[in-house]
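Written out below as structure tokens is the structure these notes cover.
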Amino acid sequence: MNIFRLVGDLSHLVAIILLLWKIWKTRSCAGVSGKSQMMFALVFSTRYLDLFTSFVSLYNSVMKVIYISCAFATLYLMYIKFKATYDSNHDTFRVEFLLIPVAGLACLVNHEFTIMEVLWTFSIYLESVAILPQLFMISKTGEAESITSHYLFALGAYRALYIANWVYRYYFEGFYDFIAIVAGCVQTALYCDFFYLYITKVLKGKSLKLPA
């Protein structure tokens, strides 16, 4: 644990809470991609299977439970409680174009060809592209609500902070994970345009619009 990882985890948690709060407060999931949320739920489900087989620390276990619980709580709100507000007409990204290549890559490039390791690797690869349906949806609709923008910024900040965490660990511990680093860099790169628009528009009180 180091400051970059801790702040990264907190940023991730803030992003998830912001999304849940937005949906619950407005009683609507308009502007939120259910496909992205389904993939994030799949990410947490496949990554944290070791919750039942190994114990690292109380902090580690609690955060895993929170992430999984919040992911499925979001899906419940979107697809059951506030289903009528879900904008499926704009949430049209073909997720099979992500899931199939990611699954294939996880089987080919991993640290060890075991079920748990392949599923962990799958979750790392999938997380790096899981936000694409959300960004695609914003591009189709033309703009995003401020709360949705804050959620995306916090999510992107989490990944950027994790890059700093890996640099720190390599420098002070001599540890690095090539798979996690490459996937994290890809994910952070996907947020670059959004970061620029967020800083230049949302923080100045303007609505965020992505190019179609």
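Below, the figures for the structure above:
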item: Among residues of region 84-96, those that are in contact (Cβ under 8 Å) with a residue 24 or more places away in the chain and either in a helix (DSSP H, G or I) or more than 17 Å from the chain's Cα centre (by Cα) (or both), counted; result: 6
item: Criterion violated by Thr92 - all others in (1) surrounded by fewer than 17 Cβ atoms within 10 Å (Cβ to Cβ); (2) at pLDDT 95 or above satisfied; result: (2)
item: Hits in region 125-141 (condition: of a type outside the set (Asp, Glu) and open to solvent by less than 20 Å² (accessible area, probe 1.4 Å)); result: Leu126, Ser128, Ala130, Ile131, Pro133, Gln134, Met137, Ile138
item: Residue pairs meeting the criteria (Cβ under 8 Å; at least 6 apart or on separate chains; first in contact (Cβ under 8 Å) with a residue 40 or more places away in the chain, in region 97-112; second small (Gly, Ala, Ser) and open to solvent by less than 70 Å² (accessible area, probe 1.4 Å)); result: Leu98/Ala130
item: Residue within region 22-32 that is open to solvent by less than 40 Å² (accessible area, probe 1.4 Å), part of a helix (DSSP H, G or I) and not polar (S, T, N, Q) present; result: yes
item: Region 25-46 residues that are more than 23 Å from Glu117 (Cα to Cα), paired with ones that are among the basic types (Lys, Arg) and not in a helix (DSSP H, G or I) (beta carbon under 7 Å, 6 or more apart); result: none
item: For Val43: the one exception among (1) at pLDDT below 95; (2) open to solvent by less than 40 Å² (accessible area, probe 1.4 Å); result: (1)
item: Pick from region 169-206, criterion open to solvent by 60 Å² or more (accessible area, probe 1.4 Å), modelled with pLDDT under 75 and under 26 Å from Met39 (Cβ atoms), ranking: nearest to the chain's Cα centre (by Cα); result: Asp193
item: Selected residue (criterion: nearest to Ile68 (Cα to Cα)) from residues of region 108-124 that are in a helix (DSSP H, G or I) and open to solvent by 70 Å² or more (accessible area, probe 1.4 Å); result: Met116
item: Checking Thr74 against (1) open to solvent by less than 40 Å² (accessible area, probe 1.4 Å); (2) among the β-branched types (Val, Ile, Thr); (3) more than 17 Å from Gln134 (Cα to Cα), the condition it does not meet; result: (3)
item: Failed criterion for Ile80 (all others in (1) more than 18 Å from the chain's Cα centre (by Cα); (2) more than 26 Å from Ala30 (Cα to Cα) hold); result: (2)
item: Output for region 40-60, where each listed residue is farther than 20 Å from Ser128 by Cβ and hydrophobic (A, V, I, L, M, F, W, C); result: Leu51, Phe52, Phe55, Val56, Leu58
item: Ile131 being within 21 Å of Arg5 (Cβ to Cβ) and at pLDDT below 95; result: yes
item: Pick from region 53-71, criterion open to solvent by 60 Å² or more (accessible area, probe 1.4 Å) and in a loop (DSSP other than H, G, I, E, B), ranking: farthest from Leu6 (Cα to Cα); result: Thr53
item: Region 51-76, residues that are under 24 Å from Leu98 (Cα atoms) and either in contact (Cβ under 8 Å) with a residue 60 or more places away in the chain or hydrophobic (A, V, I, L, M, F, W, C) (or both); result: Ile68, Cys70, Ala71, Phe72, Ala73, Leu75
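The values are calculated or read from the model by the stated rules, or taken from the named source; none is laboratory data. Because the structure is predicted, anything quoted here is derived from the model rather than measured. We place every Cβ from the backbone using ideal geometry, glycine too, and count neighbours over all the protein chains shown. Accessible surface is based on the protein model in full, side chains and every heavy atom, while ligands, DNA and RNA are left aside. Shrake-Rupley method; radii C 1.70, N 1.55, O 1.52, S 1.80 Å.
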